[in-house]
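The values are calculated or read from the model by the stated rules, or taken from the named source; none is laboratory data. Treat the numbers as computed from the prediction; the structure is a model and nothing was measured. Backbone-built Cβ (ideal geometry, glycine too); neighbour counts: all protein chains shown. Note: accessible area is taken over every heavy atom of the protein model, side chains too, but ligands, DNA and RNA are not part of it. Shrake-Rupley method; radii C 1.70, N 1.55, O 1.52, S 1.80 Å.
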Amino acid sequence: MMLEEARTFAGREHRLYLGGRWVDGPEGKTLETHDPSTGLHLSKVPAAGSSELDSAVRAARQAVDGGEWSRLTPADRQKVIWRLGDLMVEHADELAALESLDTGKPLRDSRFFDVLNAASSFHYCAGWATKLNGETIGVSRPGEWHAYTVHEPVGVVAAIVPWNAPLMIASAKVAPALAAGCSVVLKPAEETPLTALRLAELSLEAGLPAGALNVLTGTGPELGDAMVRHPGIDKVAFTGSTEVGRHIVRQAADSFKRVSLELGGKSPVIVLSDADLDRATPLVAQGIFANTGQACNAGSRLFAESAVFDRVVEGVAEYAAQLRVGQAFSEETQMGPLISQVQLDRVAGYVDIGLSEGADIRVGGKVLERDGYFIEPTVLSGTRTEMRVAREEIFGPVLCAMSVTGDDLDDIVAEANATNYGLGASVWTRDLGKAHRIARRLKAGTVRINGGGLDPALPFGGYKESGWGRESGLQGVQEYTELKSVMISLGEV
Ligand code: NAP
Ligand code: MG
């Protein structure tokens, strides 16, 4: 499906997916979305209310407690999850077109990054369904005992996701939850509902039993909040802003719902003077400009050693100046728009804040005078770690470049760690001893040395205010389980 078909899908009358059926939302309650490449109306989806949420939770409950999903054999669960991954690959062009319409991402990025990563979550997690084993435990109490642990599904999961990588982030929650035997009520971000709705259709085609996946569209303050407070939900899996994450934790405290959080970041990129700058420079640029900077792990603070600082900053600035900014479906486009007018105002506002704090614009900084929500890729220098632009998550294509001296690695690391966030970090050096020493000292969930990317096998998550828990890898699946210990007396001593 290309642009026209994607537009047709976007424009159709959307419903809510619950209990394996498509149902109408409440009368007269809808949300409108816009194409970020043009600012024009794109689609209208229902805003689910409390009665649709109750029905979805009931269906999800039935799928776990009734056993239709949770008690399938692990091999059967594995097959369904794998099939869903296959269907996503089969429909990759179509999913990519929907994602690009909704988010404004260049089509190539949606096709070869978002959709393939999303599908790989399903393929990877499918295998865990048959391998989620407990342990036998040697206990030291008097007597003879047989003791073991089991990973049981945590139950009904509310997955609440943002707009920056809608299908990928939804998949990073739905796939492990299903592998663990949980059922899911998924709420996409109000800006980007399309791929979640299509995922629901594909899940039906893959043979996922009714109620195992439910998709409700609606707003955060209404539907999202109601999900977090709903007594029928056992766990909230959230990706989004630290502010909403904090609110969710407070709401969930009453019932002690399980909560996992993938929140914001202000990830440091350390370039030492011995780094391979030809390799490092374009990747430093991509690290902040990819997805128009709307990535939780964007490398948004550069710390380059003073000996190479000018070369790196000039290289990144040159990369930025040549980057072709345009609409998602134009073949030349290398960087798309921001998601919305709100985000455009916010990012432009941060550039102004940076200037008033004393930063210099090395390149970019201007909002583009055209339809859609476009801003130039931007590099600020003369920033210091205490400035707002260097502390707060901008969530746009704005790099803060800082020069550091390499006499003491601890000083460089202290600068890099001078943030409330702790999601990602990158290090560029040919000295692997230094690289490992820095990796040990960084307070970040992921450290990339001389390159790196996402992998469904590699746990991903944050230190400090970047979140709770890990996504991906075995730990990512175990986040959707409760651990039960069982002990059996083997008779009198
Ligand atoms: P957000 O407000 O945190 O939204 C993320 C998700 O949470 C959305 O589905 C949202 O619904 C929902 N939500 C909002 N308020 C809620 C509440 N009270 N209870 C339950 N769910 C709630 O993020 P955003 O509005 O999309 O973006 C704002 C900022 O968050 C960005 O500028 C960026 O700094 C940060 N952000 C971070 C990430 C990340 O991956 N770390 C991703 C996206 C955004 P709605 O769709 O209705 O808002
Ligand atoms: Mg929002």
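One table, with the values for the structure above:
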| read-out | value |
| --- | --- |
| Residue-by-residue Karplus 3J(HN,Hα) for the stretch 70-75, coefficients 6.51, -1.76, 1.60, Hz, glycine and proline x | 5, 9, 4, 5, x, 5 |
| Area accessible to solvent at K29, 1.4 Å probe radius, in Å² | 100 Å² |
| Cross-link pairs K131/K464; K79/K173; K79/K187; K44/K266 - those with Cα-Cα distance over 22 Å | K131/K464; K79/K187; K44/K266 |
| Neighbour-limited loop hits for GluC sites (Glu not before Pro), the stretch 289-334 (at most 14 other Cβ within 10 Å; DSSP other than H, G, I, E, B) | E331, E332 |
| Length-normalised contact order for the stretch 268-455 - Cα pairs under 8 Å, 6+ apart - percent | 27 percent |
| DSSP bridge orientation in the stretch 282-436 - percent antiparallel, rounded to nearest 5 | 30 percent |
| Alpha carbon centroid spacing (whole Å) that separates the stretch 124-175 from the stretch 325-399 | 40 Å |
| Calculated from backbone phi, Karplus (6.51, -1.76, 1.60) coupling profile of the stretch 121-130 in Hz, x at Gly/Pro | 4, 5, 4, 5, 6, 3, x, 6, 4, 9 |
| Charge dipole (debye, nearest 20) of the chain; +1 at Cβ of Lys and Arg, -1 at Cβ of Asp and Glu | 980 debye |
| Test item: Cα-centred dipole of the stretch 268-455, Lys/Arg +1 and Asp/Glu -1 on Cβ, debye | 440 debye |
| Global form of the chain, assessed from the alpha-carbon gyration tensor, a/c cut-off 1.5 | oblate |
| Among 446-454, 423-431, 174-182, 34-42, the order from most to least packed when residues are scored by Cβ within 10 Å on average | 174-182, 423-431, 34-42, 446-454 |
| Cut-off under 5 Å, modelled amide H: who pairs with I270 long-range | F303, S426, V427, W428 |
| Loop chymotrypsin sites (Phe, Trp or Tyr not before Pro), the stretch 252-308, which have at most 10 other Cβ atoms in a 10 Å radius of their Cβ (DSSP) | F256 |
| Neighbourhood charge, 10 Å Cβ-Cβ cut-off, centred on T281 and excluding it, Lys, Arg +1 and Asp, Glu -1 | -2 |
| Between the stretch 431-493 and the stretch 206-277, the alpha-carbon center distance in angstrom | 17 Å |
| Surrounding net charge for V150, when Lys and Arg each add one and Asp and Glu each subtract one, Cβ distance under 11 Å | -2 |
| Extension gain from N420 to R370, taking 0.36 nm per residue of separation minus the Cα-Cα distance | 14.4 nm |
| Average accessible surface area per residue within the chain, 1.4 Å rolling probe, Å² | 42 Å² |
| Extension gain (nm, one decimal) between V249 and E68, 0.36 nm per residue minus Cα-Cα | 62.1 nm |
| Tilt relative to the chain, helix 242-253 - C-alpha long axis, 0 to 90 degrees, to 10 | 20 degrees |
| Sequence-separation-based contact order of the chain, relative, with Cα cut under 8 Å and 6+ spacing, percent | 18 percent |
| For L399, distant residues with modelled amide H under 5 Å away | T378, V379, L380 |
| Rounded percent of accessible protein surface that carbon and sulfur make up, the chain, 1.4 Å probe | 49 percent |
| HN-Hα J in Hz across the stretch 315-327 - Karplus 6.51, -1.76, 1.60, θ = phi - 60°, x for Gly and Pro | x, 5, 5, 5, 4, 4, 5, 8, 5, 8, 9, x, 6 |
